[in-house]
């Protein structure tokens, strides 16, 4: 799986958009970008994933640069409940068995404030 | 929405006890996973099951076993609990469909072995 780099922490005012960057300069053509988050003392929550096109769902938008070397997760209107650690993961989709396991880096700790 | 339910959020057991952690998913997923999560060590895969009665060892299977008698239920067993098994245990499930499908996690069981 490609290595990812995320800032250790970010702040965002409630109601504003939170833009969380992720660098993955060694990504290969068959690797997807996944985002998860983990609120304190809870299990990780899947947010969104994509290959090369931008993606949007009810939680967030994922913007992937044309060269695929970086991406941005956008929470359009952050709330206090979005305070969590956000993990960007890059991995091959075709992994089977234990190769499909997830590993999290250190992520970005997003603090949403009033 | 995918629902992965772990039987207990918090559990306290004694050294030497046999401990059962239960996980149930409601989406007819073929693949199920047990991880443990420890500060500084991230997520580590204990066991993986790719279908009923099928299992594979993950990275740290020692001291654990699993059971998958029904598709929706995946149990983790600590044969003789030890203090170094104090951890957050996370269950996840995923459809085997296209390889890019995400894993969905339960809320976790925080297990303390005294």
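Read the figures in this text as sums done on the coordinates, not as results from a lab. The shown structure was predicted, so the numbers you read here are calculated from the model rather than taken from an experiment. Every residue, glycine as well, gets a Cβ built from its backbone with ideal geometry; the counts of neighbours run over all protein chains shown.
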Of every Cα-Cα pair in chain A, the percent that sits beyond 20 Å: 37 percent
Computed over the stretch A:22-82, Cα set: Rg, Dmax in Å: 12.4, 36
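Fully extended, how many nm does the chain gain between residue A:59 and residue A:103 (0.36 nm per residue separation, minus their Cα-Cα distance)? Don't jump to the answer; show the numbers that get you there.
Numbers: separation 44, 0.36 × 44 = 15.84 nm, distance 2.21 nm.
Stretched fully, the residue A:59-residue A:103 segment lengthens by 13.6 nm.
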Separation of alpha-carbon centers, the stretch A:7-33 and the stretch A:61-114, rounded to whole Å: 6 Å
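Please state the relative contact order of the stretch B:42-114 as a whole percent: Cα pairs under 8 Å, 6+ residues apart? Let's see the in-between values first.
Values: 108 pairs, mean separation 15.9, N = 73.
RCO, the stretch B:42-114: 22 percent.
Two-decimal Rg/Rh of chain B from alpha-carbon positions, Kirkwood Rh? List each step's numbers first, then the result.
Working: Rg = 13.3 Å, Rh = 14.0 Å.
Ratio value, two decimals: 0.95.
With viscosity set to 1.002 mPa s at 20 °C, what whole-number translational diffusion coefficient in µm²/s follows for the stretch A:58-114 from Stokes-Einstein and a Kirkwood radius over Cα pairs?
On the way: Rh = 13.6 Å.
It diffuses with D of about 157 µm²/s by this estimate.
Please compute the length gained on full extension between residue B:44 and residue B:114, using 0.36 nm multiplied by the number of residues separating them and subtracting their Cα-Cα distance.
This chain segment gains 23.0 nm when fully extended.
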Compute the Cα gyration tensor for the stretch B:20-81, then decide on rounded, prolate or oblate, letting a ≥ b ≥ c be the square roots of its eigenvalues: rounded whenever a/c is under 1.5, prolate when a/b is larger than b/c in the other cases, and oblate in all that remain. prolate
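If you take every DSSP beta bridge fully contained in chain B, what fraction is antiparallel? Give it as a percent rounded to 5.
Numbers: 36 of 40 bridges.
Percent antiparallel among DSSP bridges in chain B is about 90.
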Could you tell me the extents of the protein assembly as shown's C-alpha atoms along the three principal axes, largest first, rounded to whole Å? 51, 39, 30
Length gained when the stretch residue B:52-residue B:83 is fully extended (0.36 nm per residue, less Cα-Cα span): 8.1 nm
Calculated FRET efficiency, residue A:80 and residue B:71, Cβ-Cβ r, R0 30 Å, to nearest 0.05? 0.20
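What share of the DSSP beta bridges in chain A is antiparallel, in percent to the nearest 5? Don't skip to the answer; put the middle values down first.
Values: 29 of 34 bridges.
For chain A, the DSSP antiparallel bridge percentage is about 85.
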Each label point is 7 Å from the Cα along the Cα-to-Cβ direction; what then is the distance between the points at residue A:11 and residue B:5, in nm? 4.1 nm
